[in-house]
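Single-structure report; data block below.
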Amino acid sequence: MPSMMAVREPRTLYCGFDPTADSLHIGSLVPLLVLRRFQAAGHRPIALVGGATGLIGDPSFKAAERQLNTPEVVADWVAKIREQVSQFIDFTGDDPALVVNNLDWMAQSMCSTFCATSEALFGQQYDRQRIRSAAARPRRRRHQLYRIQLHDSAVLRFAELYHRHGCGLQIGGSDQWGNITGGIDLTRRLHGGQVFGLTLPP
């Protein structure tokens, strides 16, 4: 990681935080500290808050289905998470960090754009063992799962951030390896982007 931070040309990187509660948990500490170190080395971090994920539910792959939240509740959680993130990375100055809410583009997304990416995305996602296991669950939970995996996946987020902000690096816990590599593949297919991933210990 030190060699990555020492590159001369500033890079844009991101880490995702889903508003499934009114506060981040301890598992977010290491990614936030890594974003902070990258910013101190002259790079631009993006904190992606998954407002769309908070609205349509987050597949936890547990037996019980997660309760969906209202737009007002999710908006409040997004604001609180932004405030917490601001304690680690700087949103002021000449080249400030960014907080991006994926609801901003998900609300504007067109069916044609969705269809253009869904085939490649679904093939990657469905091939994973835990997705196949979840598909055996009752119908409603399967629909929730596919809404997430096709329409709001971390795979699609990476491609969107590359397109909008030139983001070339995603960081995340080692449990996000599949999403990160899937995002790399999709971004290269859609945009020809040279993008990378960095996983962190849990």
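The values are calculated or read from the model by the stated rules, or taken from the named source; none is laboratory data. It should be emphasised that the depicted structure is a prediction, and the values quoted were computed from it without experimental measurement. Here the Cβ is made from the backbone with ideal geometry for all residues, glycine too, and neighbour counts use every protein chain on show.
Computed quantities for the displayed model
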| item | result |
| --- | --- |
| Enumeration of residues in region 164-194 that are farther than 16 Å from Leu13 by Cβ and of a type in the set (D, E, K, R) | Asp175, Asp185, Arg188, Arg189 |
| Selection within region 75-89 - β-branched (Val, Ile, Thr) and either within 13 Å of Leu24 (Cα to Cα) or free of Cβ contacts under 8 Å to residues at least 12 places away in the same chain (or both) | Val78, Ile81, Val85 |
| Residues located in region 11-41, provided they are more than 16 Å from Asn101 (Cβ to Cβ) and crowded, with 18+ Cβ neighbours inside 10 Å | Arg11, Thr12, Leu13, Ser28, Pro31, Leu32, Val34, Leu35, Phe38, Gln39 |
| Wholly within region 85-202, strands (runs of 3 or more DSSP E) carrying at least 2 residues that are at pLDDT 90 or above, under 15 Å from the mean Cα position of the chain (by Cα) and not aliphatic (A, V, I, L, M) | 169-173, 196-200 |
